[in-house]
Amino acid sequence: MKNRFAFTMIELIFVIVIMGIIGKFGTEFLVQSYKSFLSAKVNHNLQSKSEIAVEIIAARLQYRIKDSVIARQTSGNFLSIGSSDVNESYTVLEWVGSDSDGFRGITQPYWSGIIDLNPSSATRLKSPQTDTSKVDTLISTISDSSFSDVAIYFVGSNSDIQTGYGWDGNAATDQNATTMHPIRRSTSTGEEDLFIPVNGATGADNNFSGVDVYEYYKLAWTAYAVEHNPTTGELILHYDYQPWKGESYINAKKAIIMDNVSTFKFMSVGSIMKIQVCTKSNVLDKDGGDYSLCKEKTIL
């Protein structure tokens with residue numbers, strides 16, 4: 001018999017059919033595997049970005065003066081965060097933060113949070129175990145501000161969200177018309193724990209005559225604002241400014257927390273805050289739409 005060195009037509013057809021089947025289902029399997037890998041990667045990136053964004057905001061919100069939190073429109077209109085009229089047009093979350101770094105100090109707090117009237121002069125406030133010199137150094141180190149920019153908030157006092165914090169753009173003119181009380185420190189030897197009340201607009205001496213003084217206080221040297229720009233997708237943190245001096249977040253220092261943010265939502269239930277950040281990607285959408293993933297966090 002002669003050796004056969006070629007395939008028969010039936011064998012060729014059979015091989016072609018098998019290769020076609022493998023090609024059809026094999027390619028679909030590879031495409032699906034790639035899509036699954038891409039989806040997992042995009043989900044991981046979006047989850048990481050969203051989580052980082054909410055943690056950055058929450059880290060500052062936890063030291064907020066709770067009565068000071070407002071929602072603001074880019075036009076400047078603002079409402080208390082607890083107002084039922086707050087809607088999606090309010091894209092800025094703003095609050096006054098207490099001095100958490102100074103309160104922690106190194107081995108002990110730089111300010112105690114306890115206040116009393118100075119026995120020798122009722123126009124001055126005495127804060128036992130407070131070192132205003134160290135507070136001044138700390139604030140100057142981490143910002144462009146100093147102790148001359150600080151204010152105190154009496155815990156338990158009646159706050160006025162409309163005029164008490166400076167959200168309206170007007171500086172505090174006297175201690176009677178403000179919730180945040182502008183102060184400066186005494187530089188006299190042995191008086192490092194004295195707060196001298198001042199007029200927030202001019203720095204002139206003022207006093208607490210007729211003002212309700214409460215035992216506990218919070219020290220503040222900056223407000224914070226988180227602004228979402230729906231057009232650019234940027235989520236921006238504004239800081240190092242004093243509303244009680246008439247300053248606005250618009251002219252403050254700023255840093256981009258995250259880009260490609262599709263949604264920034266916030267709400268308040270009593271004194272509890274809830275925030276949501278959604279980041280987006282169009283990698284998985286062939287029509288150019290947005291693939292979005294959200295993270296939420298509740299802050300006491």
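Brief remarks on what is shown
- More than 25 angstrom apart: percent of Cα pairs within segment 96-221: 16
- Over 25 Å between alpha carbons, listed pairs LYS126/LYS254; LYS245/LYS265; LYS41/LYS253; LYS134/LYS218; LYS218/LYS265; LYS218/LYS245: LYS126/LYS254; LYS245/LYS265; LYS41/LYS253; LYS218/LYS265
- Fewest-first sequence of VAL150, VAL155, VAL17 by Cβ atoms within 10 Å of each Cβ: VAL17, VAL155, VAL150
- Its Kirkwood hydrodynamic radius, worked out from the mean inverse distance over all distinct Cα pairs, puts the chain at 22.6 Å.
- Under Karplus coefficients 6.51, -1.76 and 1.60, residue-wise ³J(HN,Hα) of segment 213-224 in Hz, glycine/proline x: 10, 9, 5, 10, 9, 10, 9, 9, 10, 8, 9, 10
- Three principal axis lengths of segment 211-300 [C-alpha, angstrom, descending]: 63, 30, 13
- Which of HIS228, HIS44, HIS181 has the fewest Cβ neighbours within 10 Å, and the rest in rising order: HIS44, HIS228, HIS181
- Neighbour-count ranking [beta-carbon atoms within 10 angstrom, fewest first] of GLU247, GLU94, GLU88: GLU88, GLU247, GLU94
- Remark: segment 150-155, residue by residue, has Karplus-estimated 3J(HN,Hα) of 7, 8, 10, 10, 7, 5 Hz, where x stands for each Gly or Pro and the curve is 6.51 cos²θ - 1.76 cosθ + 1.60 at θ = phi - 60°.
- Note that segment 153-285, at 4 °C in a medium of 1.567 mPa s, gets a Stokes-Einstein diffusion coefficient of 75 µm²/s from its Kirkwood radius over C-alpha pairs.
- Two-site label geometry, ILE256 and MET19: point separation in nm, points 7 Å out along Cα→Cβ: 5.1
- Entry note, the chain: the mean residue ellipticity at 222 nm calculated from DSSP H runs of n ≥ 4, each adding -39500 (n - 2.57), is -8000 deg cm²/dmol after division by the residues and rounding to the nearest 500.
- Within a Gaussian network of the chain (alpha carbon springs, distance under 10 Å), most fluctuating of TYR239, TYR214, TYR249: TYR214
- Fully extending the segment from VAL155 to ALA40 would add 36.6 nm, taking 0.36 nm per residue of separation and subtracting the current Cα-Cα distance.
- Applying 0.36 nm per residue to the separation of ASP212 and THR74 and subtracting their alpha-carbon distance, the gain on full extension is 46.2 nm.
Read the figures in this text as sums done on the coordinates, not as results from a lab. On a predicted model such as this, the values are computed, not experimentally measured, just so you know. All Cβ positions, even for glycine, are placed from backbone atoms using ideal geometry, and neighbour counts span all protein chains on display.
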